[in-house]
1. Could you list, in sequence order, all residues of the stretch 90-114 that are in a loop (DSSP other than H, G, I, E, B) and either open to solvent by less than 40 Å² (accessible area, probe 1.4 Å) or closer than 16 Å to Ile186 by Cβ (or both)?
2. Looking only at the stretch 32-53, which residues are assigned to a helix (DSSP H, G or I) and farther than 13 Å from Asn2 by Cα?
3. Of the conditions (1) surrounded by fewer than 18 Cβ atoms within 10 Å (Cβ to Cβ); (2) modelled with pLDDT of 95 or more; (3) not in a helix (DSSP H, G or I); (4) not small (Gly, Ala, Ser), Leu121 clears all except one; give me its number.
4. Across the stretch 188-204, what is the number of residues that are open to solvent by 60 Å² or more (accessible area, probe 1.4 Å) and in a loop (DSSP other than H, G, I, E, B)?
5. Any residue at all in the stretch 68-89 that's touching a residue at least 12 places away in the same chain (Cβ under 8 Å), open to solvent by 50 Å² or more (accessible area, probe 1.4 Å), in contact with a His (Cβ under 9 Å, 6 or more places away or on another chain) and not basic (Lys, Arg)?
6. Would you mention how many residues in the stretch 70-89 are in contact with a Gly (Cβ under 9 Å, 6 or more places away or on another chain) and either closer than 18 Å to Gly124 by Cα or assigned to a loop (DSSP other than H, G, I, E, B) (or both)?
Amino acid sequence: MNLKDYRTHFIQTLTPLYDAGEAESFFYLTLENRHGLKRVDLVLQPDFHLSDHEIQDWNQILDGLIDFTPIQYLLGRTEFYGLEFQVNGNTLIPRPETEELVQWILFDCERAQRTQPLRILDIGTGSGCIAIALAKNLPDAMVSAIDVSPEALEVAARNAVFNGVKVQFLQQDILETTDLATQYDIIVSNPPYVRELEKQEIKPNVLEHEPHLALFVADDDALVFYKKITQLALKHLPQDGKLYFEINQYLGTEMVELLKSLDFKSLNLRKDIYGNDRMLKADR
């Protein structure tokens with residue numbers, strides 16, 4: 001089949017479920033992932049032909065999208081902070097908001113004057129996107145990362161190798177942790193923070209396919225991970241060590257009060273690109 005004709009079929013099949021722009025974006029993401037071609041290449045090669053095997057592959061992706069499986073899982077890869085990451089159903093798909101958190105940390109690190117390498121810990125690393133992006137951009141830093149899921153850590157370890165960085169990965173349930181391995185200059189975390197009551201706001205592709213272990217917390221204890229991590233940070237950050245969180249947009253005030261109650265200083269609540277309270281930084 002001619003690829004140009006398949007494009008029409010692909011987009012028409014998806015438009016009852018997705019808007020036309022999103023359906024088109026899925027087509028071109030698949031085109032680049034499967035054939036190394038961009039939009040302009042399709043214009044330059046209007047007679048590009050798909051073999052029966054290639055059509056079968058495309059149809060599997062199309063069926064997955066009809067089932068609202070995230071395109072990143074179907075392709076097995078996504079991009080985060082200019083780097084490529086493997087993802088699967090054991091890891092959350094990295095979000096643009098989390099890129100903003102990484103950018104904030106890097107900006108602060110560039111301004112700081114240090115004589116010793118930074119020691120950084122990422123708690124709840126998932127695909128490893130935060131830890132690996134920091135290690136890539138801070139090559140002298142010693143970066144460690146914790147996750148409760150061995151399957152997620154396998155993905156994160158492969159991502160570290162692929163991106164040419166060294167990160168120490170540890171399987172650990174942070175809620176059961178009483179002590180961390182060492183002292184750190186920076187602790188960062190994007191832990192589960194979506195309350196059960198907010199499930200109705202979650203799109204089907206996320207709700208039905210991304211790991212709930214990494215997403216949801218009980219309505220009556222929504223800050224459970226933040227409380228535990230903050231308590232550990234009290235013991236394992238030096239004076240002026242920094243704590244960075246990605247947070248639930250509805251709980252910014254509660255997060256500020258939590259850190260204030262534990263005598264953290266210089267609290268800075270920051271909005272994301274969508275205008276939501278999404279990031280919080282504090283000094284020990």
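The values are calculated or read from the model by the stated rules, or taken from the named source; none is laboratory data. The structure presented is a predicted model; accordingly, all values stated were derived computationally and were not measured. FYI the Cβ positions are ideal-geometry reconstructions off the backbone, even for glycines, and counts take in every protein chain you see. Keep in mind that these areas ignore ligands, DNA and RNA; they rest on the heavy atoms of the full protein, side chains included. Shrake-Rupley method; radii C 1.70, N 1.55, O 1.52, S 1.80 Å.
1. Of the residues in the stretch 90-114, the ones in a loop (DSSP other than H, G, I, E, B) are 90-95, 112-114.
Those that are in a loop (DSSP other than H, G, I, E, B) and either open to solvent by less than 40 Å² (accessible area, probe 1.4 Å) or closer than 16 Å to Ile186 by Cβ (or both): Thr91, Ile93, Pro94, Ala112, Gln113, Arg114.
2. First, the residues of the stretch 32-53 that are assigned to a helix (DSSP H, G or I): 32-35, 39-44, 52-53.
Matches in the stretch 32-53: Glu32, Asn33, Arg34, His35, Arg39, Val40, Asp41, Leu44, His53.
3. The number of the failed condition is (1).
4. Residues in the stretch 188-204 being open to solvent by 60 Å² or more (accessible area, probe 1.4 Å) and in a loop (DSSP other than H, G, I, E, B): 1 in total.
5. Among the residues of the stretch 68-89, at least one is touching a residue at least 12 places away in the same chain (Cβ under 8 Å), open to solvent by 50 Å² or more (accessible area, probe 1.4 Å), in contact with a His (Cβ under 9 Å, 6 or more places away or on another chain) and not basic (Lys, Arg), which makes the answer yes.
6. 5
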